[in-house]
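Here is the structure we will look at, set down as structure tokens.
Read-outs throughout are calculated quantities, based only on the coordinates presented, and are distinct from any laboratory measurement. Predicted model, so just to flag it, every value in this text is computed and none were measured. Positions of Cβ are backbone-derived with ideal geometry, glycine not excepted, and every protein chain shown enters the neighbour counts.
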Amino acid sequence: MNEATLTLEGWYCLHDFRSIDWTLWKAADHEERAGAIEDLEEFMKEFQVTAQDGAGSTAVYSIVGQKADFVFMYLRETLEDLNKLETAFNKTDFAKFTVKEYSYVSVVELSNYLGKEGEDPMQNPQIIARLKPELPKSAHICFYPMNKKRELADNWYMLSMDDRKAMMRSHGLIGRSYAGKVKQIISGSVGFDDWEWGVTLFSDDALQFKKLIYEMRFDEVSARYGEFGAFYVGNLLDWEKAVEMLKV
Ligand code: 76R
């Protein structure tokens with residue numbers, strides 16, 4: 001019997017990771033750099049307009065380590081919107097000083113393992129708010145993609161709905177103990193990208209990422225069935241900090 005979990009989808013999501021070509025940036029003259037920054041500012045103005053219209057949300061973070069220098073995380077109504085954004089960025093004068101590092105395409109997802117029977121989730125404003133979330137301005141972000149295992153002995157997709165529900169309850173309990181400390185956005189990417197989910201966490205205290213993820217490693221859903229990709233961790237990059245970062 002097909003026991004696929006019912007999922008609810010919200011905004012489409014693109015994590016667009018870039019690095020700055022510092023050699024090129026430093027070789028450019030003052031005027032060229034000023035023009036590129038102006039172009040970047042113009043491009044980023046769209047983020048506020050979209051947010052005010054309730055048509056999406058955007059997060060900008062610098063990335064620590066060599067995997068990338070910064071990330072744009074976009075939530076928008078359609079895949080076309082995401083495509084337009086990446087192209088618009090590529091056309092800015094700033095983009096020629098950047099290198100594409102990694103991207104991840106997904107859609108904000110809630111699975112109803114813990115949903116109440118008989119309730120239409122799409123009539124619940126709290127659920128709508130989670131499917132189309134305003135991204136917080138937390139000090140830190142943590143992103144990684146993940147799968148649920150499909151091996152002979154440990155195959156998540158062969159488990160009964162009841163077994164999966166029981167395990168997800170335990171997962172949810174751990175998660176909830178971090179309420180107020182970590183905000184998580186789970187986005188589904190089956191058919192969209194190389195892993196099954198993107199996990200994006202926000203917190204004002206980066207140590208809470210480590211504590212939450214470590215605690216979950218001991219929980220059966222993650223201990224037995226979780227497979228993880230590369231982790232990206234970073235710091236909020238508001239406009240002032242971006243200008244500071246680009247000063248040479
Ligand atoms: O949505 C809910 O609050 C219900 C409970 C819940 C579900 C269904 C929940 C709660 N999650 C759900 C689904 Mn989660 N989550 C992760 C990771 O690093 C790891 O080990 C795993 C990465 C973290 C850190 C995390 C945090 N969760 C999922 C799914 C889809 C599963 C499926 O459909 O098979 C994945 C892949 C996943 C992974 N989870 C929570 C959290 C936190 C903090 C919570 C509590 C949320 C809250 O109550 O506000």
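Does Met245 satisfy the condition of being more than 18 Å from Ser106 (Cβ to Cβ), within 9 Å of the ligand (Cβ to nearest atom) and either assigned to a loop (DSSP other than H, G, I, E, B) or not acidic (Asp, Glu) (or both)?
Judged against the criteria, Met245 is not a match.
Inspect the stretch 218-236 for any residue being β-branched (Val, Ile, Thr), within 10 Å of the ligand (Cβ to nearest atom), in contact (Cβ under 8 Å) with a residue 12 or more places away in the chain and not in a strand (DSSP E or B) and give the result as yes or no.
Yes.
Output the number of residues of the stretch 1-57 satisfying the condition of being in contact with a Lys or Arg (Cβ under 8 Å, 6 or more places away or on another chain), assigned to a helix (DSSP H, G or I) and surrounded by fewer than 18 Cβ atoms within 10 Å (Cβ to Cβ).
Summing the residues that are in contact with a Lys or Arg (Cβ under 8 Å, 6 or more places away or on another chain), assigned to a helix (DSSP H, G or I) and surrounded by fewer than 18 Cβ atoms within 10 Å (Cβ to Cβ) in the stretch 1-57 gives 2.
Looking only at the stretch 12-38, count every residue that is more than 16 Å from the ligand (Cβ to nearest atom) and within 18 Å of the chain's Cα centre (by Cα) and tell me the total.
Filtering the stretch 12-38 for residues more than 16 Å from the ligand (Cβ to nearest atom) gives 12, 14, 16-38.
Cutting the leftovers down to within 18 Å of the chain's Cα centre (by Cα) gives us 12, 14, 16-19.
Looking only at that region, the number is 6.
Residue-by-condition table, conditions (1) β-branched (Val, Ile, Thr); (2) surrounded by fewer than 15 Cβ atoms within 10 Å (Cβ to Cβ):
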site	(1), (2)
Ala153	no, yes
Met158	no, yes
Ile186	yes, no
Gly191	no, yes
Asp194	no, yes
Lys210	no, yes
Arg224	no, yes
Leu236	no, no
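Does Leu135 fit the bill of being touching a residue at least 24 places away in the same chain (Cβ under 8 Å), assigned to a loop (DSSP other than H, G, I, E, B) and surrounded by 15 or more Cβ atoms within 10 Å (Cβ to Cβ)?
So Leu135 fits the description; yes.
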